[in-house]
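In what follows, a structure is listed as structure tokens, so that the remarks can point back to it.
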Amino acid sequence: MNHQPYSDRRQRVLARLGDGIAVIPTAAERLRNRDSHYPYRFDSYFWYLSGFPEPEAVIVLVGGKEPKTILFCREKSEERETWDGFRYGPETAGNAFDFCEAHPIASLDQKLPELIANRSILWHSLGHDAEWDGRITRALNAVRAESRSGTRAPGEMRDLRGLLDQMRLTKDAHEIELMRRAAEIASAGHARAMRACRPGMAEYELEAELSYEFRRRGADGHAYTPIVAGGINACILHYVENNRLLAGHSLVLIDAGCELAGYASDITRTFPVGGRFSPEQREVYEIVLAAQAAAIAAVRPGASFMAYHQAALRVLTQGLIDLKVISGSVDGAIESEAYKPWYMHRTGHWLGLDVHDVGDYRAGTADDDWVRLEPGMVLTVEPGLYFRPAAPVPMHLHGIGVRIEDDVLVTAEGCTVYSNAPKTVVEIEEVMRHG
């Protein structure tokens, strides 16, 4: 594993700290039930600055004239390694992950007051974890108790997430390559699900196909709970039960992405269970596909984050008029939000270490003051239409839900679509025919 990108990010943070100090803990292990834990997943901010995979670890970044990076982690333990597996230990971890110093995690509470003493600013993710807020408060109180000896506690506390969110919004070359690979793996998983799909299968069987392909190709697993929604279930945006049987006349919507070295992919495909779109399914699908194409064409440097949503919205609204679901003009329907019962979400979000990644969407308080796209930003493009059985939806559209989602990198020239799962009607039917 190349640790240089993580070291470089720490140096960028140090340059912003002045003579302050930053404390960044990783996530805690969580019990699932009795003696069983949930699979461990590090904190995204901690990982962004370390690449260190073990729990019970903390980064301390010390600014000033002699800046340094410090890692606190678990000690080596032959007994615990027999039960739980390899541990780096401070001595090995400090060198392997390019930290100036490394200490046992058990010494953190003792050393923290010494480290924060006489620093002007303490950077910490305030309010993120009550236990950690308490530990920071105790360390500050310990420093204040020494005020008679001339020791000063930091006079200001700042939330480190604002600084890190700004950094994480624009991906470096290391991140871009990991996300490209994650999208490639997820695309293969979606193609596998298409090939395997048959009427009468359970939704969870397609989920299993995805899981197999993700792990077979080296992903760490799913980036989020997958949605495998057959028929009317596709009209439930966050459907995750995945336990119904697939009817041959229906569509199935799969929203699933994998995680690779912490980085998420997020892809949605909708396809016919029986292998061929019906005329009405195809008509809705082609509207959503055209909306996505218009949105992707609007992703370029300098464009507003909302520009690609507006591009998709115009196509979807015209489609709803053509389907005789709504009436009037496109502009009028958008202004009155007449489209909203059938398209109720935004066309995308930031993507990165978190599937809904950090970063502001608005640059200010005005309604039209959205963030401008820059090279290195990664986002999803995911328009959809959802027709739950209800008036005034024509009967032949009842139960049709379509969403198409891809992962897109903003480049200097425009954008690059990372995900490449079959997407056109011809491609999908061809893959399913030869499954």
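In summary, the lysines within cross-link reach of K76, defined as a Cα separation below 24 angstrom excluding same-chain residues under 8 places away, comprise K68, K111. Taken along the Cα-to-beta-carbon direction at a fixed 7 Å, the label points for L245 and R276 span 2.3 nm. Comparing F86, F305, F46 in a Gaussian network model of the chain (Cα springs below 10 Å), the most mobile by mean-square fluctuation is F86. Tell me, how many Å apart are the Cα centres for region 333-364 and for region 74-99? Comparing the Cα centres of region 333-364 and region 74-99, I get a distance of 43 Å. Length gained on full extension, A391 to D322, computed as 0.36 nm times the residue gap minus the Cα-Cα distance: 23.2 nm.
Comparing mean-square fluctuations of G18, G189, G127 from a GNM of the chain with C-alpha springs under 10 Å, the top value falls on G127. Between amide H atoms placed 1.01 Å from N, distances below 5 Å from I267 occur with A256, G257, all of them 5 or more places distant or on a separate chain.
Give the carbon-plus-sulfur fraction of the accessible surface of the chain in %, rounded to a whole number; probe 1.4 Å, heavy atoms of protein chains only. Roughly 49 percent of what the probe reaches on the chain is carbon or sulfur.
Modelled spin labels at N2 and H238, positioned 7 Å past Cα toward Cβ, are 3.7 nm from each other.
Computed over the chain, the per-residue total of -39500 (n - 2.57) for DSSP H runs of n ≥ 4 gives a 222 nm mean residue ellipticity of -11500 deg cm²/dmol, rounded to 500. Highest GNM mean-square fluctuation among E75, E374, E382, for the chain modelled with Cα contacts below 10 Å: E75. Overall shape of the chain was characterised from the C-alpha gyration tensor. The equivalent ellipsoid obtained from it has semi-axes of 46, 26, 18 Å, in decreasing order. Straight-line cross-link reach from K324 at under 30 Å between alpha-carbon atoms covers these lysines, not counting any fewer than eight positions away in the same chain: K340, K423. A simple rule links phi to the HN-Hα coupling: the Karplus curve 6.51 cos²θ - 1.76 cosθ + 1.60 with θ = phi - 60°, which for region 261-267 gives 6, x, 9, 9, 10, 8, 10 Hz, with x for Gly and Pro.
When the Cα atoms of region 81-212 are enclosed in a convex hull and the volume is divided per residue, what value in Å³ results?
Working: hull volume 28.7 nm³, N = 132.
Dividing the Cα hull volume of region 81-212 by its residues yields 218 Å³.
Checking understanding here: applying a Kyte-Doolittle mean of at least 0.5 and a length along the axis of at least 24 Å (C-alpha), which whole DSSP H helices in the chain pass? Walk me through the numbers on the way to the answer.
Details: long enough: 173-196 (35 Å, -0.21); 279-297 (27 Å, 0.37).
None clear 24 Å together with a mean of 0.5.
Once the 1.4 Å probe is applied to the protein heavy atoms, the chain comes out at 45 Å² accessible per residue. Given their separation in residues at 0.36 nm each and the Cα-Cα distance between them, N33 and K68 gain 8.6 nm when the chain is fully extended.
In a reduced charge model with +1 at each Lys and Arg Cβ and -1 at each Asp and Glu Cβ, region 228-373 shows a dipole moment near 400 debye about its Cα centre.
What FRET efficiency do you get for E283 and D369 if R0 is 30 Å and r is their Cβ-Cβ distance, rounded to the nearest 0.05?
Details: r = 37 Å, r/R0 = 1.24.
That gives a FRET efficiency of 0.20.
Computed from point charges on the beta carbon alone (+1 for Lys and Arg, -1 for Asp and Glu), the dipole magnitude for the chain about its Cα centre is near 120 Debye.
The values are calculated or read from the model by the stated rules, or taken from the named source; none is laboratory data. Note that this is a predicted model, so its numbers are computed, not measured. All Cβ positions, glycine included, derive from the backbone under ideal geometry; neighbour counts span all protein chains shown. To get the accessible areas, we keep the full protein, side chains included, count just its heavy atoms, and leave off ligands, DNA and RNA. Shrake-Rupley method; radii C 1.70, N 1.55, O 1.52, S 1.80 Å.
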